[in-house]
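Report on the following structure.
The values are calculated or read from the model by the stated rules, or taken from the named source; none is laboratory data. What you see is a predicted model, and the numbers here were worked out from it, not measured in a lab. With ideal geometry, Cβ positions are generated from the backbone for all residues, glycine too; neighbour counts draw on all protein chains shown. Each accessible area value is taken on the protein alone, full model and side chains, heavy atoms only, with ligands, DNA and RNA left out. Shrake-Rupley method; radii C 1.70, N 1.55, O 1.52, S 1.80 Å.
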Amino acid sequence: MAIALTLLTLVALPFVAALATALLHQATRAVHSAIAAAASAGGLVLLASLAGPVIGGEIPFATWQWVPSLGLDLTLMIDPLGLMFAGLILGIGLLVVIFAHFYLDADEATGRFFASLMLFQGAMLGIVIAGNVLLLLVFWEMTSLASFLLIGFWQHRAEARQGARMALAVTGGGGLALIGGMVLLGLVAGSFDIATILARGDIVRASPLYPVLLGLILLGCFTKSAQFPFHFWLPHAMAAPTPVSAYLHSATMVKAGVFLLARLWPVLAGTELYTGIVTSVGLTTMIFGALVALFRHDLKSILAYSTISQLGMLVMLLGFSLETAALAAALHILNHAAFKAALFMSAGIVEHETGTRDIRRLGGLAKAMPMTALIATLAAASMAGLPPLGGFISKELMLYETPKLALLGLPWLLPALATLGATFSVGYSLRLAGHLFSGRPREAEPFARAHDPGFGMWAAPALLTVLAVLLGLIPMLLAGPLTGAVTAAITGAPAPAFDLALWHGLNLALILSLIAVAGGALLLWQHKRLLAAWERASLPDAKRMFEASFAFADKWVRKATVAVHTPSLQRMLLASFAVIVLLVIDGIQAGGSFTGTRSLLPASPLAFIAWALLIAATAAVVNDSHNRLRVLIYISVIGLVVSLTFVQFSAPDLALTQISVEVVTILLLLLALNLLPKSPPLLSSAPRKWRDGMLAVTGGVLVGGIAWAMLTRDPGPSIAAYHLANAKSGGGGTNVVNVILVDFRAFDTLGEIIVLGIAGLGIFALLDSTATGAAGARLRAWREDMPHSPERHPLMLVAASRIVLPLTLTVAIYLFLRGHNQPGGGFIAALVAAIAFLVQYLAAGFDWSDRRKRIGEHQLIAWGVLTAMATGLGAFLFGSSFLTSTFGYFSLPLIGKFELASAMLFDTGVFLTVFGAVMLALAQLSHIAARAARAHAAQHSEGGGA
Amino acid sequence: MSYEFLLATAIGVLVAGGIFLALRARTFQVVLGLTLISYAVNLFLFASGRLVVGRPPIWDKSVSAYTDPLPQALVLTAIVITFGMTAFVVILSLRSFLETGSDHVDGDKVPCDAQDGLADRRADDHEDTRA
């Protein structure tokens, strides 16, 4: 259990730190960096406690089930490979935090910076100690997001935003491919557990899906690790603050792809396909990156391309599928992390102290900033692979491996190309150190300002450089055991015997190395001429190509969208209706008799009259839809007949609801029509009307036919019996419909009142903002066009409505109280109460009524929903599940025995929400109309006076 | 003539009218179409409990047979939600009219009737120049 806790704490620490920093965003820079540093240091201590056993061969792991149905477990495990990476992430993380503390200005958003940085650290740690493929993917995506935030930290800079977007697009896109590849891998291997997958390499490589999953996984790795041709995002990511570049874009995140290649080495490596792709991509990237780095001028850009090149070398080594090459890769990961992070920080120092990163403006800085010069020169020498530094040893190992593989069948090709890459590397490393620190200053201004920073700023790179030196002087002591263990972890086999040393005698690797150094020196000597040639050659600009391809995709996606999804409601509705009609016709093909066998109810003559009224009213609505006021009368006839239908067929609750909704709807339409055009011209052409008419008739016949087929058949077994049997005994009410609403299916009702509340608030939002802009101008220009009585608020109506108000409210309360046992309930009572108040608005006008309003409709909606939810949650207090109701019988003197049910409280919530939503919609609408009328009246009197 | 026949034909007629109106070009007609379709849908849902006369689902010791209460409960909330939807669509069309000066569903410019209360853009300009 202790191990499990350690692992969990290890991953959780950075996230906790991120949260703490984000919450304390108003604190000072020192607080932020202290939290981040403490988290990194704490992580290092935990890691150190695990280091001994892990190198000794143990693999601590811990598993918690997370989503077992998906095979997603929270499995953490730490093997030597994970240990090395975790050490880099935490160790360099700590140094970067210290460096960033001095690099960032105190008035920058350091809270956001360190929170993002810690988020990244946690995600990256997650990748390297995840023991489950799906978990790894989660962390993988998280690093892309954190990187996006960090690159775009200086939000006000366009290149930061563009760089962040590009990095996210490329690594995120690769991440998508990776998800596909990893899921396929898990399915082929039969498990998402990494340890299990690693043991099933043979099964995976033999699977017909192997090429697909390999391609997808490699796509993910190559985009993340900036391999050619996906490298272009990395130089643009340099828009990030330098500590971020030092951390993410040299030591950690870009190595995630390399890490994953190493992690899956036993499963994926060894096939011809793997070796071919990975080796050639790595080799191309190595040479290409090194070549471009030679001709860059921005310090960080040089370092970015050099990182691309070095990552290419690592990928190539893993691509060899040789255990000794894996050893070289493991050692070089350590070396590269040390010298590259030191170089990035040095670049940051130079920029910080001189105000520029342009190498063409700098020079001779060794005199002005000797400490920085010493650090950076040593680190660059390690990067160049010069003895006696760490970089020399890993480059020797790399060159030693190259003759073992015959590229294109030519045994000399790979050594030659690798040497070419190494030559370029020496070239740009020498140029970086040489042009920056030796010679004469090229411009006076930056040089005049230059001086060594305080200890705090150079301490971190100095420590890293010391490591880079020691990795060359005492490699076996410092890195021997770790490298061996890591190699064993990568290959899944005992590490080959090896000896890390500067001198292995005169061999091919040494000769190649010497050639590279000599060639590099030559490049530096001839740099001016080469640069001129490079600049004459017109080379494709990756950024422009990226943007062009995005613009291209954007254009065609838009075209495709418009082609499929016409922005015309009419056409979309036509298509939807047509599809539904076709589906129904298709369903009818299944056969069966049209008329069922249920005995039918003979209709009364009255029913026939009501039916005829409905048909006639519907026809009138369709035929006369241009005369909008008359249409409202027809609509209300239909609503009335529908209510009568409910009355006739044993649904008193529905009848009450329908009739009150009808009143409210007609009021709403009247108010809206007041502002809408009343008698618009005809728009549709005759053929279109015929087409729509045919579709409408077909739809009507089909739906009517289905209704007929349903009505003439007996229903299947219904769950109604349960509700009927338990309404009184379980729900405490005899009105089964109401008991269903507030008890059996109360969760549905809760959802529905929330929807209604949202509709009410949406209406408010739509209308509240009409005072300004084009809508406001139109409203002000509105003039009343309906003839109305000279007396706006007839006295008789006002007087009558005030008497009716308490009466109607009494009815509403009565309907509400009896709702549990007799037709009524919260919905109906709310509608009746709303009508009572709306009558006041009608009779006495908006202003009079609004002044007397005590509670806002927003509060009513909110309290309604909260009451209903609180009732439901209250059930938890009694150990029941959500919305369980209870009831009891009480007796009071005078009143006698009565029943109280908790469902009543729920129904109160329903009442409040429905009442609030209805009132909000109508009151807001009349408010707009009143405002428009007032504005017009004011303008009118003004105009008349003039 | 049976009740079932009357209800089924009424539903069919409502759907036909609703579809036709929903396909028209002006927002108010579309609102009317949706209203008709809503009536039809509510009636259809209700009808899925079959037609039963005189047996409301009010529990009583002495009564043994009731109509199915479940479709009724569904339709009751559906009626209220229908109001919410209608209100929202009406206000949406009103807002879009105020915003664009057109009550065409796709916001197309249509000739505005001189009888209408809301003048088109030209009237606004006129007001502005006068002010």
State all residues of the stretch A:905-914 that are surrounded by fewer than 24 Cβ atoms within 10 Å (Cβ to Cβ) and closer than 15 Å to residue B:87 by Cα; if no residue qualifies, say none.
-> none
Give me the pairs, please: first residue somewhere in the stretch A:116-144 and β-branched (Val, Ile, Thr), second residue anywhere and open to solvent by 10 Å² or more (accessible area, probe 1.4 Å), beta-carbon distance under 6 Å, and either six or more positions apart or on two chains.
-> A:127/A:139; A:133/A:192
Here are some conditions: (1) modelled with pLDDT of 90 or more; (2) surrounded by 23 or more Cβ atoms within 10 Å (Cβ to Cβ); (3) more than 9 Å from every other protein chain (Cβ to nearest Cβ). Residue A:760 meets all but one. Which one does it not meet?
-> (3)
Residues in the stretch A:635-648: is at least one under 30 Å from residue A:822 (Cα atoms), of a type in the set (S, T, N, Q) and open to solvent by 50 Å² or more (accessible area, probe 1.4 Å)?
-> yes
Residue tally, condition in contact with a helix residue (DSSP H, G or I) (Cβ under 6 Å, 6 or more places away or on another chain) and surrounded by fewer than 21 Cβ atoms within 10 Å (Cβ to Cβ), over the stretch A:154-174 | 4
Being closer than 15 Å to residue A:265 by Cβ, of a type in the set (A, V, I, L, M) and open to solvent by less than 40 Å² (accessible area, probe 1.4 Å) is the filter here, so list the residues in the stretch A:183-208 that pass it.
-> A:185, A:189, A:194, A:197, A:204
From the options A:632, A:614, A:600, residue that is aliphatic (A, V, I, L, M) and more than 52 Å from the chain's Cα centre (by Cα) | A:600
For the stretch A:123-168, how many residues meet the condition of being out of contact with any Phe, Trp or Tyr (no Cβ under 8 Å at 6 or more places or on another chain) and of a type in the set (Ser, Thr, Tyr)?
-> 1
All helices (runs of 4 or more DSSP H) inside the stretch A:179-245 with 2 or more residues being closer than 22 Å to residue A:290 by Cβ | A:210-224, A:233-236
Under the condition of being facing chain B (nearest Cβ under 9 Å) and in a helix (DSSP H, G or I), which residue from the stretch A:739-750 is farthest from residue A:821 (Cα to Cα)?
-> A:748
Total residues in the stretch B:61-76, condition within 7 Å of another protein chain (Cβ to nearest Cβ) and either over 20 Å from residue B:35 (Cα atoms) or more than 15 Å from the chain's Cα centre (by Cα) (or both) = 8
For residue B:16, state whether it is more than 14 Å from the chain's Cα centre (by Cα), facing another protein chain (nearest Cβ under 7 Å) and crowded, with 19+ Cβ neighbours inside 10 Å.
-> no
Only one of these conditions is not met by residue B:22: (1) within 7 Å of another protein chain (Cβ to nearest Cβ); (2) among the aliphatic types (A, V, I, L, M); (3) open to solvent by 30 Å² or more (accessible area, probe 1.4 Å). Which number is it?
-> (3)
Which one is nearest to the other protein chains (Cβ to nearest Cβ) among residues in the stretch A:592-624 that are surrounded by fewer than 21 Cβ atoms within 10 Å (Cβ to Cβ) and in contact with a Gly (Cβ under 9 Å, 6 or more places away or on another chain)?
-> A:619
Unique match (being in contact (Cβ under 8 Å) with a residue 40 or more places away in the chain, assigned to a loop (DSSP other than H, G, I, E, B) and either touching a helix residue (DSSP H, G or I) at 6+ places or on another chain (Cβ under 7 Å) or within 18 Å of residue A:343 (Cα to Cα) (or both)) among A:386, A:420, A:414, A:378 = A:386
Taking the stretch A:782-808 and keeping residues modelled with pLDDT of 75 or more and either within 49 Å of the chain's Cα centre (by Cα) or not in a helix (DSSP H, G or I) (or both) leaves A:793, A:794
The stretch B:33-47 residues that are facing chain A (nearest Cβ under 9 Å) and in contact (Cβ under 8 Å) with a residue 40 or more places away in the chain, paired with ones that are surrounded by fewer than 21 Cβ atoms within 10 Å (Cβ to Cβ) and part of a helix (DSSP H, G or I) (beta carbon under 7 Å, 6 or more apart) = B:42/B:78; B:47/A:710
Name the pairs: first residue in the stretch A:206-230 and touching a residue at least 60 places away in the same chain (Cβ under 8 Å) and on the phi > 0 side of the Ramachandran plot, second residue surrounded by fewer than 23 Cβ atoms within 10 Å (Cβ to Cβ) and part of a loop (DSSP other than H, G, I, E, B), Cβ to Cβ under 9 Å, at least 6 apart or on different chains?
-> A:226/A:232
Filter the stretch A:321-331 down to the residues that are surrounded by fewer than 24 Cβ atoms within 10 Å (Cβ to Cβ) and touching a residue at least 60 places away in the same chain (Cβ under 8 Å), then identify the one that is nearest to residue A:383 (Cα to Cα).
-> A:324
Qualifying residues in the stretch A:899-936 (those that are under 16 Å from residue A:845 (Cβ atoms) and more than 14 Å from chain B (Cβ to nearest Cβ)) - the one modelled with the lowest pLDDT | A:934
Which is more than 30 Å from residue A:525 (Cβ to Cβ) and part of a helix (DSSP H, G or I), of A:307, A:275, A:284?
-> A:275
Out of A:656, A:675, A:667, which single residue is more than 7 Å from every other protein chain (Cβ to nearest Cβ), closer than 30 Å to residue A:915 by Cβ and under 45 Å from the mean Cα position of the chain (by Cα)?
-> A:667
Within the group A:701, A:736, which residue is facing chain B (nearest Cβ under 7 Å) and touching a Leu at 6+ places or on another chain (Cβ under 8 Å)?
-> A:736
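To keep it simple, each residue is scored yes or no on (1) farther than 30 Å from residue A:685 by Cβ; (2) free of Cβ contacts under 8 Å to residues at least 60 places away in the same chain; (3) among the small types (Gly, Ala, Ser).
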residue	(1), (2), (3)
B:18	no, yes, yes
B:30	no, no, no
B:51	yes, yes, no
B:95	no, yes, no
What are the residues in the stretch A:555-579 that are under 17 Å from residue B:29 (Cβ atoms) and open to solvent by 80 Å² or more (accessible area, probe 1.4 Å), if any?
-> A:571
Evaluate the stretch A:561-579: report whether one residue or more is within 14 Å of chain B (Cβ to nearest Cβ) and touching a Gly at 6+ places or on another chain (Cβ under 8 Å).
-> yes
All but one of (1) assigned to a loop (DSSP other than H, G, I, E, B); (2) open to solvent by less than 10 Å² (accessible area, probe 1.4 Å) hold for residue A:270; which doesn't?
-> (2)
Out of all the residues in the stretch A:712-729, which are farther than 17 Å from residue B:63 by Cβ and either in contact (Cβ under 8 Å) with a residue 24 or more places away in the chain or over 47 Å from the mean Cα position of the chain (by Cα) (or both)?
-> A:712, A:713, A:714
